[in-house]
1. Would you mind stating whether V158 is assigned to a helix (DSSP H, G or I) and modelled with pLDDT under 75?
2. When you scan the range 1-91 for helices (runs of 4 or more DSSP H) that lie fully inside it, which ones turn up with 3 or more residues that are small (G, A, S) and outside the structural domain of S129 (by TED's automatic domain parsing)?
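The values are calculated or read from the model by the stated rules, or taken from the named source; none is laboratory data. Model, not experiment: these values are computed from the prediction. Positions of Cβ are generated from backbone atoms using ideal geometry, with glycine treated the same way; all protein chains shown enter the neighbour counts.
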Amino acid sequence: MQNDEILKAIAKGDKEALGALYDEFAPAIYGLALRITESKDRANVVVVEVFRKIWNRASSFDPYRINAFAWVMDIAKKVAIEHESKSEQFDFFAFQKSNSSGYSLEDLFRQIDEKHRKVLELSFFRNLSESQVEEHMNIPVGTVATRLRIAIKAMRKVLG
C-alpha cells in the first residue's frame, strides 16, 4: 500500500494503517525531533504527539497538494519546534513571586526588541499557541519559535 493510501485508510479509522505508517516514518520523525530538541526523551514524546496529530488530521491530507512524506515531516517539524520552545519557557508567575532582582516585567520587556516582545506577549499573556501566533503575525512557526527563544534568553541575560 502506498503512503497516500495509508493516510486515506487512517482517515477512515484504520489503526493497522497507522501502525504501518509508524513503521515507515517513525525513524525519520525521531531523527528530525532529536535534531530539534537535542533530547532523546523529548524526541520520543514528539514522535508520539506527531502520530496522535496524524490520527486526528489524516482526513485533511491532500495527495494532490503535497506528498505523504512531506506532509508528515511538516507536522513533525512543527510539533518538535513547539515542544522545544515549551521546554524553554520563562515562568512569569514564579518570577513575580520570587523577584529579588529589582526588575519589573515592564523593565524586562523594555530590554527586548519589538519583534521578539510581540511574540512573547502573544504567547504568554494572550495564551496563544505558536501556530496561533504564526497566523496572527503572518510569520512561519519556526520564526515564532526562534523569536520566542531569543526573547526568553534576553530576559534571562538581564536577570543574570
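1. Criteria met by V158.
2. Output list reads 15-37, 68-87.
Residue-wise test of (1) over 21 Å from K77 (Cβ atoms); (2) buried (at least 16 other Cβ atoms within 10 Å of the Cβ); (3) at pLDDT below 80.
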{"position": "L108", "(1), (2), (3)": "yes, yes, yes"}
{"position": "E121", "(1), (2), (3)": "yes, no, no"}
{"position": "R126", "(1), (2), (3)": "yes, no, yes"}
{"position": "R147", "(1), (2), (3)": "no, yes, no"}
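A quick yes/no check of all residues on (1) more than 24 Å from E82 (Cα to Cα); (2) exposed (fewer than 15 other Cβ atoms within 10 Å of the Cβ); (3) small (G, A, S); (4) at pLDDT 95 or above:
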{"residue": "I6", "(1), (2), (3), (4)": "yes, no, no, yes"}
{"residue": "A9", "(1), (2), (3), (4)": "yes, no, yes, yes"}
{"residue": "G19", "(1), (2), (3), (4)": "yes, yes, yes, no"}
{"residue": "F25", "(1), (2), (3), (4)": "no, no, no, yes"}
{"residue": "L34", "(1), (2), (3), (4)": "no, no, no, no"}
{"residue": "S39", "(1), (2), (3), (4)": "no, no, yes, no"}
{"residue": "V46", "(1), (2), (3), (4)": "no, no, no, no"}
{"residue": "N56", "(1), (2), (3), (4)": "no, yes, no, no"}
{"residue": "W71", "(1), (2), (3), (4)": "no, no, no, yes"}
